[in-house]
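Where a number appears in this text, it was derived from the coordinates with a stated rule and is not lab data. All figures in this text were calculated on a predicted structure; none of them were measured in a lab. Methodologically, a virtual Cβ is constructed for each residue, glycine included, from the backbone with ideal geometry; neighbour enumeration extends over all protein chains shown.
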Amino acid sequence: MQTSQAFLLRKFQYSEADYIVSAFTRDFGKIRGLAKNAKKSRKRFGGRLEPFVHLRIRFSQKPGSMKFIEDAETIKVFSNIMEDIELFAWGNFVLENIDLTLPEEEPNNNIFELLVHTLSSLSKDKHLPSNILNFQVSLLSYSGYKPNFDNCAGCGKPVDEGVFSIVKGGVLCRECREDKSNGFLLSKNFLSSIGSNEMNAERAFDFIRTLYRFTEYHTGKEIKSSKFIEEIMR
């Protein structure tokens, strides 16, 4: 029997009372398992298998078989996120980004701590655009998809300001820009303001959009929650 802190990423109804659960655990990374009778068992689950609930789960696995989620207990409920439609949408965006970028069963404590911090910030609705950007940049760094912000992705020379290229995976200097008019203009000053309350919300939303498209391009997967996020950012 294994025990770990966890957050639910997704769940699918498997039968009348059972769920297939995808969870991000602190000690085992992203796992999938069957939560038998989860819909009916108040003692073992009690409706706790929901997004934005910090859990402690126990699971078992026999050789050659799937994992079985035995029970779950609550550490903390981020109720503000669950009760506000916009915060709920941003929370789903955060969970989906983690689900897309993480491989199965590779622990990453940095990302787990990042998730706890981001949900805590979201629940307070504090400097939301800047905190979402901080989450995106940190997640890409911790998961191995970090864009190159320090050197030109074309020629390699150091840059203080340039246009961000999704395809090239970083900033392009003036000489390497293929399109002289379009693209997100990125500077060291802008990057240093990420995570602070000094960031311009409109600029932050523009870069959130750029980074989720970067994530989609380099993972080859669509971030489905981005459609609702686009409505919020208008």
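Points worth noting:
- Longest segment of the chain lacking GluC sites (Glu not before Pro) that sit in a DSSP loop with at most 16 other Cβ atoms within 10 Å: 17-104
- Our summary gives region 2-77 a relative contact order of 30 percent, counting only alpha carbon pairs under 8 angstrom and 6 or more residues apart.
- Amide H partners (placed H, <5 Å) of Glu70, local residues excluded: Arg58, Phe59, Ser60
- Lys, Arg +1 and Asp, Glu -1 on Cβ, resulting dipole of the chain about Cα centre, debye, nearest 20: 740
- Karplus-derived HN-Hα couplings along region 53-60 (A = 6.51, B = -1.76, C = 1.60, θ = phi - 60°), whole Hz, x at Gly and Pro: 10, 6, 10, 10, 10, 10, 9, 10
- Rg/Rh ratio calculated on Cα atoms of region 2-77 (Kirkwood radius): 0.92
- Counting DSSP beta bridges with both ends in region 80-233, the antiparallel % (nearest 5): 90
- Sites matching trypsin sites (Lys or Arg not before Pro) across region 24-61 that sit in DSSP coil, with at most 13 neighbouring C-beta atoms within 10 Å: Lys40, Arg42, Lys43
- Trypsin sites (Lys or Arg not before Pro) restricted to DSSP loop in region 164-231 with at most 12 other C-beta within 10 Å: Arg174, Lys180, Lys224
- Computed from backbone phi, the HN-Hα couplings of region 205-219 come to 4, 4, 7, 4, 4, 4, 6, 6, 5, 4, 4, 4, 5, 8, 9 Hz, rounded to whole numbers (Karplus: 6.51 cos²θ - 1.76 cosθ + 1.60, θ = phi - 60°; Gly and Pro given as x).
- The string of couplings for region 87-102 from the Karplus curve (6.51, -1.76, 1.60, θ = phi - 60°) is 5, 4, 5, 5, x, 4, 4, 4, 5, 5, 4, 5, 4, 6, 8, 9 Hz, one whole number per residue in order, with x for Gly and Pro.
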